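The values are calculated or read from the model by the stated rules, or taken from the named source; none is laboratory data. Keep in mind that what you see is a predicted model, and the values were worked out from it rather than measured. Reconstructed Cβ throughout: ideal geometry from the backbone, glycine too, with neighbour counts over all protein chains shown. The accessibility values were calculated without ligands, DNA or RNA, using every heavy atom of the protein model including side chains. Shrake-Rupley method; radii C 1.70, N 1.55, O 1.52, S 1.80 Å.
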Amino acid sequence: MRRALACVCAWCCVLILSHGYNLDTRSPESFRGQNGSMFGYSVLLHRHQQNPWLLVGAPTDDSSFNASIKKPGAVYKCNISNKKCEQLRTGVEHCGKTCWPESDNQWLGVSLSRRPSNGDILACGHRWKNVFFSRKDNQNKLPHGVCFKFNSDFSRTNNYIPCYRDHQRKFGENYGSCQAGISNFLTEDLMIMGAPGSWYWTGSVLVHNMSSNMLAAYVDEDNTVQFGSYLGYSVGAGHFLHPQTTEIIGGAPQNGRIGKAYIFEVEGNKLRIVNETSGAQLGSYYGASICAVDLNADGLSDLLVGAPMYSTVREEGRVYVYINQGRANMKEAEFKLVGSESYAARFGETITDLGDIDNDGYPDVAIGAPQEDDLRGAIYIYNGRKSGIASRFSQRITGSMLGGSFSMFGQSVSGGVDVDGNGYPDVAVGAFLSDSAVVLRTRPVVMVEASMMLPVSVNRSVASCAENGLPAVCVNVTVCFKVQGKRIPGQIELKYNLTADVQHKETFPPRFYFHGNGTSNVTAGRVKAKHGELTCSQHQAFMRKDVRDIFTSIHFKVQYELGEHSVVRGGSKSFTSLKPILQQREGHTNLVSNQTQFARYCVWENCSTNLQISARLVLPQSYNNVPYFALGNGKTIMLNATLVNAGDDAFLPKLHVRFPSSLHFIRVLDAEEKYVSCEIAEDNKTAIGLDCSVGNLYIPSLSKLNISFLMDVNQNSSAGDIGISINATRENYENTDLLHDNLASLTLPLRYGVGLNVHGFVSPTTFIFGNPELEPVDCYSEKFNYTFKVMNVGPSKALDTRVKIQIPQVLSPYPDRLIRITDLQTTVGQCHLKNSSLWLENDCDVKKASFIQELVFFLSKSSKRIMFCAEADKSCMNLECRFGNLDIGKEVTINLEVELNPAVLQISPGRHAIMQMYSVIEVTSPVRDANTILIKDDNVALVTLEAYYSQKPHPLVGNAIIVFSLLLGLIILAMLVVCLWKVSNSDLLSLILCIRSSSGLGGIFSAEFIHMYFKIIVY
């Protein structure tokens, strides 16, 4: 059998705050004093034998015993059983050689304390005065302060005036105005009194050892405590150095105007500081209240210090927590106690050790906020814990919730005494502005040990139970309770709710239900448990017929609370019995859970599955046989994943696909057939991937599943490599050494695939130069239009697109300008000349060719010259055009109007019959890099402009040809006459042979002669 155990139970936080914890507020015991007496300024719970008492201080009350004294204040003893109050008799008759007592306005009852062992009571009036020197020499009255110690049955009274010294007469000096008793504290041997007026209100703490009758005091010889600190405004004692030693604590709320708290060690007749803590805010009155209490029950006292005027807005108040690390090494807690942080509440005005009111082994404290809720007041209960103290209060009690018109409720609090005899210390609270006090009794606390037992596993094939006479599969659930506590009755009723299959999959109904509730998986029960004995109850949970999820554990829980009952009446019959309450304990609730599972028969150890995932990307483009995705191409990505289960059945398998926001999920191919359902995974409302359920609840052993994800890339994505991961998970167990192949990682290369087409043309494409008959008006007589086009054919946009255009602008090696630009326009971006500063001659008086050069050129064979631009060629006109980012399908047109000086082409040498001028447009950006792929390797276009030299010679050459032709004709004529004379009636061939043989000019009919002759004939 499986057994789950929970020791203790507590209401949830909501119930705690709405209904309170174990201080009863339904039947408070209220007490009233005289109007204006400040009845309730201090309170003290007291018990003598079987009689419970409430002692109440009324500092401005009149005396019932001496009407001649003006408002000396009073201490009342109130019988809690019959609610009758009467004043305790006090008075000072003799106080010393130079002492004359005055009890007018002495504020008796400003502080009260009790010795735990024998019940002795100490009550003080800090404004009691010695008027000896004022009566004699008309000097200041000396407010020494007085304390009265009563024995437990109030039969004996002793007075103490610890600040009186014979012949001490100066007000403020030494102990002259010490005001002893503004605070007091009793231990087994020590009577501790605060004296904040000592040494001109530096203050002091006075300790009277009742065993040795010695008085010790703090004397500030080293100026450790500043003037006006009010040391002794609050006092206390605890075990700070060792569990067996007693150290003194005192608050100085005005020290440095931020306040301090001191821990003192008694050494002879002096107190020595062993530790000090400081406040953090000016005017917070840190140290106005202090409390030594062993919060974590380690034997050493911890320290709570109140700063009731600490302000966020105005005087909300704070309490600082210091945990004793040993030898008075006080470590401040990471949090501060703040109550409800109410406006002007003065939370921390008083701090009181209540004792262990909830019977968990740790002391609890009450903190007053008397000005909360428009002076109605409140107290807060904080519970001690093993770690120190709970940072959140367990109960808040306001004056308004008790049914009376209380005001300044929480100015004083007392605890540690059981007044109704139920074994739990009770609490008294004063509300002096309404002259009232109230006793709140503590409800008994029930500790519950709850457990639940389940079978180790459930066999689906064995119907061990019967439902409506038919065999059924069931689970036997046994719920057991054991109750303990102080003075609880023999039987405690517990009500509980038992829930089956509380962690079933959301998409499936609970797999088990209880008979009699139809299809409900919840049943209720009641038990009556005996104190200290185990009481159990058994239930049968039946399995549904259509259960498919056999992998998820079957969780049961039981939640319980106290039923209707009352506890045994306490020792006093004057009080009504209080209903007990379940105990709060740190880290525990009133809920017990346990689990079992379906029996399975597996091949692998622990029924381990073995998921294996592999994946690959199918991309629409490739370059040099390397796949990539071209940004902006409008195509999709296929992510093919293969999930293999090489182990036992995998229950509720999932694929967790993670990818950056630049990817967009479209769908899963054949999702319904493969039982694939995907949800977008988000982080801070940003999609980070997919969570996909695969298979029909589970993937069987030794099976494989192929899944294809269709995805797209966002248009605004940037180029680069992005990672995609796929993680395969399942609900059931998988051995850790098999998890290495549950994750597959892929890299998606996003690239800019740039395809730029460039071309150009010139209009007109040819022209003729060198015609001597044409004399142009302007030397730049030829006009041309160059048109260049750049188009992005994709598949991606082209980033920072730039081209350069080169056009020959001189006839090398001459500096004369051949071409100049008259207009330059582009449809996108801008273009500019890069070498516009190159020096060129713009003079139209171009150097002319000589007659000999002209004649030689005319007589030479026709030839062709190609004018082109080399890299960084200064003889060329270089233009750069920047287009920015070109989207797919975007075309740019560059129009260039130029003028040409044909005279430059006639410079000789350099002139040719055919002049071809090559202009080039070339893409310079983008270039191929890690993120850019150029579809075309050569993005260059060539534009040719041809110039043909005129066939007409220069006039001088023409005249020379005419003269030469006449002379040549005469020579030939002469030779013909001679030959005719020598050879008559012969044929022409004989005539020619005759001429050649007779003239000696045989070379005249060579090839050169024939060429020149025909040129002349043409001319």
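As a length-normalised measure over Cα pairs under 8 Å and 6 or more apart, the relative contact order of region 610-713 settles at 36 percent.
Note on ASP683 and ASP721: with the Förster distance fixed at 22 Å, the Cβ-Cβ geometry gives a FRET efficiency of about 0.55. Reported to the nearest whole Å, the Cα centre-to-centre distance from region 330-390 to region 223-268 is 21. Annotation: extensible slack from ASN174 through LYS864 equals 235.8 nm (criterion: 0.36 nm per residue apart, minus Cα-Cα distance). Show log10 I(q)/I(0) for the chain at q = 0.08, 0.10 Å⁻¹, two decimals, from a solvent-free Debye sum over equal Cα scatterers. Log10 of I(q)/I(0), two decimals: -0.93, -1.13.
Across region 388-498, Cα pairs under 8 Å and at least six residues apart give a relative contact order of 18 percent. For region 435-541, the list of GluC sites (Glu not before Pro) that fall in a loop by DSSP and count at most 10 other C-beta atoms within 10 angstrom reads GLU506.
Any chance you could run the full-extension gain for LYS982 through ARG272? It's 0.36 nm times the residue separation minus the Cα-Cα distance, nm to one decimal. Result: 239.1 nm gained on full extension.
For the pair ILE962/GLU221, report the inter-label distance in nm, with labels modelled 7 Å from Cα in the Cβ direction. For ILE962 paired with GLU221, the spin-label model returns 14.5 nm. A full extension of the chain between ASN476 and THR944 corresponds to an added length of 158.6 nm, given 0.36 nm per residue minus the alpha carbon distance. For region 54-100, a Kirkwood radius taken over Cα pairs fed into Stokes-Einstein (25 °C, viscosity 0.890 mPa s) yields D = 203 µm²/s.
Paramagnetic label reach from VAL456 (point 7 Å along Cα→Cβ; backbone nitrogen cut-off under 19 Å): within region 604-639, residues 604-608. Checking every one of the trypsin sites (Lys or Arg not before Pro) in region 155-186 against DSSP loop status and a limit of 11 other Cβ atoms within 10 Å picks out ARG156.
Projecting the Cα atoms of GLY339, MET309, VAL293 onto the charge dipole of region 290-348, computed from C-beta unit charges around the Cα centre, puts MET309 farthest toward the positive end.
Between region 35-69 and region 708-733, the C-alpha centres lie 79 angstrom from each other. A Cα-only calculation for region 167-262 places Rg and Dmax at 13.2, 42 Å. Share of carbon and sulfur in the accessible area of the chain stands at 50%, probe radius 1.4 Å. In this calculation the C-beta distance from HIS531 to SER405 is compared with R0 = 41 Å, giving a FRET efficiency of 0.45. Note that region 170-220 presents 33 Å² accessible area per residue, ligands and nucleic acids not counted, probe 1.4 Å.
By the rule of a C-alpha distance below 21 Å, with chain neighbours fewer than 8 residues away ignored, the lysines paired with LYS270 are LYS260.
Rounded to the nearest 20 debye, the dipole size of region 147-248 about its Cα centre is 360 debye, using +1 on the Cβ of Lys and Arg and -1 on the Cβ of Asp and Glu.
When you filter the chymotrypsin sites (Phe, Trp or Tyr not before Pro) in region 151-239 for DSSP loop state and at most 14 other Cβ atoms inside 10 Å of their Cβ, you are left with PHE227. Listed by number, the DSSP H helices of the chain that run 15 Å or longer by alpha-carbon position along their axis and have mean Kyte hydropathy of at least -1.0 are 955-982, 988-999, 1007-1018. Between ASN497 and THR766, the modelled labels are 10.3 nm apart [label points 7 Å from Cα along Cα→Cβ]. Rounded to the nearest 0.05, the FRET efficiency derived from the C-beta distance between SER622 and ARG314 at R0 = 60 Å is 0.20. For region 99-214, the relative contact order works out to 22 percent when only alpha carbon pairs closer than 8 Å and six or more residues apart are counted.
When the C-alpha to C-alpha distance is required to be over 19 Å, the pairs from LYS635/LYS704; LYS635/LYS674; LYS495/LYS557; LYS783/LYS861 that qualify are LYS635/LYS704; LYS635/LYS674; LYS783/LYS861.
Normalised per residue, the accessible area of region 364-508 is 32 Å², obtained with a 1.4 Å probe and no contribution from ligands, DNA or RNA. Rolling a 1.4 Å probe over the protein heavy atoms gives region 627-685 an accessible area of 51 Å² per residue. If only the Cβ of Lys and Arg carry +1 and only the Cβ of Asp and Glu carry -1, the dipole of the chain around its Cα centre is close to 1560 debye. Spacing of the modelled spin labels on THR893 and THR747, each 7 Å from Cα toward Cβ, amounts to 4.5 nm. Rolling a 1.4 Å probe over the protein chains gives HIS167 an accessible area of about 130 Å².
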